[in-house]
Amino acid sequence: MDDLDLEWCLVRSAEGDQLAWGRLITRFTPLLWAVARAHRLSDADASDAVQGTWLRLVENLGRIREPDRVGAWLATTCRRECLAALRRGSREQPVEQDRVVDLTGADHRSVDADLLRRERDARLWAVFEGLSDPCRRLLRALLADPAPSYEEVSAGLGMPIGSIGPTRGRCLRHLHTLAVEAGISRDDLTSVSPTELRSSPAAGSTRGRTS
Amino acid sequence: MTGRDEALTDPVVDALLARLGEAARSQDPVPAAVLANAAAALELRDLDTALAALVADSDDVDEALALVRGPQSTRLLTFEAPAVVVELQVVPAGSARQLEGHVDGADGWELSLEHAGGVLPVTPDEHGRFRVDAVPAGRMRLAMRDGEHAVTTTWVTV
């Protein structure tokens, strides 16, 4: 999956090493966010579930028996936090699912290209949001970047590992059909924009998928 | 529903997932504050403090019931450390919570209630019973210490 030495990170984090802790955060927060969104939590509740998961790891640093599987441990813990949040219901007024679209962050070099790209993403995302719940749920978890293992996805969703592969294929094929029906071109559905890969902070840096 | 879906090759399906991942990065990115809060969580670690684990939660037992009655009813929590037992009763009061509790095994210790916005003093009577009004809803834990020992409950969201 990647070459992050999880045991080293956990040992050093238990000693208070903020750098080692930061590597765990960078590696696994996208997975936890994806698990929370797969459970359809609002921004506030998803943030809370992710933070609750990290606090749980802080409490249990030094007690993780299988460091290599800390991702699955975190995903399981996050799933519990999500279920508790759903049980509690929204504590305050229902929070609308406000997407933080940070247009100010896009620099001035190619605002038009960025806008077009966002529009293209938004159209596909709208089709994705219209998928059946089981499909949306599984795919949202799989979209974590860096890509999660099936064990982590299984732990985060409470879903048997064996059904992930077949469901993934079926749901993506269905998404393709819906997207074409919605007028998105076939080329648009399979071409990842090369400029996006370079300009997106989430895609670059140290957490590549060195599989 | 899948009957009319096209037979796509695996590379096409994989490419679609990659394309969807691109959309996820722009449409539903991890908020920066989530990463910053996670990074700060390590500072809440107390090396010399024992953890009182949550061993019973009425919300877990009555899951179906909790869905029916909603968030407005009493919740019972039990925490255990090797020599300390804490029982908490949580009653919602608007956006705040009223706590009634009992601590066993920590006679004469100093107690405080830590929550997201600060720390509240807790004063138990001679039987270890205490009550705290107006705890902000959210994450909290009970910290207990004397000269030699320190125990905190695990974080719970109430």
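See the values below:
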{"item": "Interface area, B with A, accessible, probe 1.4 Å, both sides summed, Å² nearest 100", "result": "5400"}
{"item": "Cut-off under 5 Å, modelled amide H: who pairs with B:A52 long-range", "result": "B:T152, B:T153, B:T154"}
{"item": "B:A53 versus B:A134: modelled label distance in nm, points set 7 Å from Cα along the beta carbon direction", "result": "3.7"}
{"item": "For the stretch A:3-87, the fraction of alpha-carbon pairs in successive 5 Å shells from zero, as %", "result": "3, 16, 28, 24, 15, 10, 4, 0"}
{"item": "Heavy-atom surface of the stretch A:3-87, accessible at 1.4 Å and reported per residue (Å²)", "result": "38"}
{"item": "P(r) of the stretch A:118-203 over all Cα-Cα pairs, binned every 10 Å from zero, in whole percent", "result": "15, 44, 34, 7"}
{"item": "Relative contact order (%) - criterion: Cα under 8 Å, at least six apart; region: the stretch A:3-87", "result": "37"}
{"item": "Amide H partners (placed H, <5 Å) of B:E110, local residues excluded", "result": "B:R145, B:D146"}
{"item": "Kirkwood hydrodynamic radius of chain B, Cα pairs, Å", "result": "18.9"}
{"item": "Nearest-ten-degree value, helix B:10-27 long axis tilted from longest Cα axis of chain B", "result": "50"}
{"item": "Vicinal HN-Hα couplings computed from phi for the stretch A:112-121 (Karplus, 6.51 cos²θ - 1.76 cosθ + 1.60; Hz; Gly/Pro x)", "result": "4, 4, 5, 4, 4, 5, 5, 5, 5, 5"}
{"item": "Per-pair calculated FRET efficiency, R0 = 35 Å: B:R4 and A:R63 via Cβ, rounded to 0.05", "result": "0.10"}
{"item": "Net +/- balance of residues flanking A:D187 in space, Cβ distance below 12 Å, scoring K and R +1, D and E -1", "result": "+2"}
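The values are calculated or read from the model by the stated rules, or taken from the named source; none is laboratory data. Keep in mind that this is a model prediction, so the values were computed, not measured. With ideal geometry, Cβ positions are generated from the backbone for all residues, glycine too; neighbour counts draw on all protein chains shown. Just the protein is used for accessible areas: all its heavy atoms, side chains included, with ligands, DNA and RNA removed. Shrake-Rupley method; radii C 1.70, N 1.55, O 1.52, S 1.80 Å.
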